[in-house]
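The values are calculated or read from the model by the stated rules, or taken from the named source; none is laboratory data. What you are looking at is a predicted structure, and each value in this text was computed from that prediction instead of being measured. Positions of Cβ are generated from backbone atoms using ideal geometry, with glycine treated the same way; all protein chains shown enter the neighbour counts. Surface areas here come from the heavy atoms of the whole protein model, side chains and all, with no ligands, DNA or RNA. Shrake-Rupley method; radii C 1.70, N 1.55, O 1.52, S 1.80 Å.
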Amino acid sequence: MTVTSGKDMLLRLADGEGGYDTIGGLRTKTFSLASGTVDITHADSPGWRELLPCGGIRQANVSGNGLFIDDDAAERARSLFFSGEHETWQLQIPGFGDLVGAFQITNLDYAGEFRGEASFSLTLASAGEVTFTAAGA
């Protein structure tokens, strides 16, 4: 992955018509991929832990904060949080690739300072398989 601007990372929500809408003007974005392990160490193991290949549960988490750019985006995020429904999201990371899958909003915060703009932050948790397409593929 080459050096790229953080502003070029996009978090987008499926629009129901085969495309995606940017959810808001996100200022910070973080994604993490994790995989659980299944320990299969036994009495005859050579003194090191042994793990079952592909045995753990994989998960992806995405978080970000920024500004809603329109009322429709704010309403969609709010509705998805309160309904608890899973929706297809896309995280585009220039020079790395795209992650696409069903996610659930697990955290939705609103904040604002007296002399500043109102902002939001959200956290998404994968709710099924997440596909990865490498940049340029």
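With only Lys, Arg, Asp and Glu charged, each at its Cβ (+1 for the first two, -1 for the last two), find how big the charge dipole of the chain is about the Cα centre; round to the nearest 20 debye. All intermediate terms of the calculation are to be shown ahead of the outcome.
Values: 9 positive and 18 negative charges, 87 e Å.
With Lys and Arg at +1 and Asp and Glu at -1, about 420 debye.
Sort ASP44, ASP98 from largest to smallest accessible area, using a 1.4 Å probe on the heavy atoms of the protein chains. Provide the component values of the computation, followed by the final result.
Numbers: ASP44 135, ASP98 45 Å².
Largest accessible area first, the residues go ASP44, ASP98.
What number, in percent, do you get for the relative contact order of region 83-137 if the mean sequence gap of Cα pairs under 8 Å and at least 6 apart is divided by its residue count? List each step's numbers first, then the result.
Working: 97 pairs, mean separation 20.5, N = 55.
37 percent.
Can you show me the helix-derived [θ] at 222 nm for the chain, built from DSSP H runs with n ≥ 4 at -39,500 (n - 2.57) apiece and divided by the number of residues, rounded to the nearest 500. Numbers along the way, then the final one.
Values: 1 runs with 13 residues, N = 137.
Rounded to the nearest 500, the figure is -3000 deg cm²/dmol.
Angle between the Cα long axis of helix 71-83 and the longest principal axis of the chain, 0 to 90 degrees, nearest 10?
It is inclined by approximately 40 degrees.
Which whole-Hz ³J(HN,Hα) couplings does region 128-137 yield from phi under the Karplus relation 6.51 cos²θ - 1.76 cosθ + 1.60, θ = phi - 60°, glycine and proline marked x?
Residue by residue, region 128-137 yields x, 5, 10, 9, 10, 10, 5, 4, x, 7 Hz.
Go through (1) 12.0; (2) 9.1; (3) 9.8 and flag the label whose value is the computed mean projected area of the Cα convex hull in nm² for this structure.
(1)
Do you know the relative contact order of the chain, to the nearest whole percent, from alpha carbon pairs under 8 angstrom that are 6+ apart? Walk me through the numbers on the way to the answer.
Details: 273 pairs, mean separation 34.1, N = 137.
Normalised by residue count, the contact order of the chain is 25 percent.
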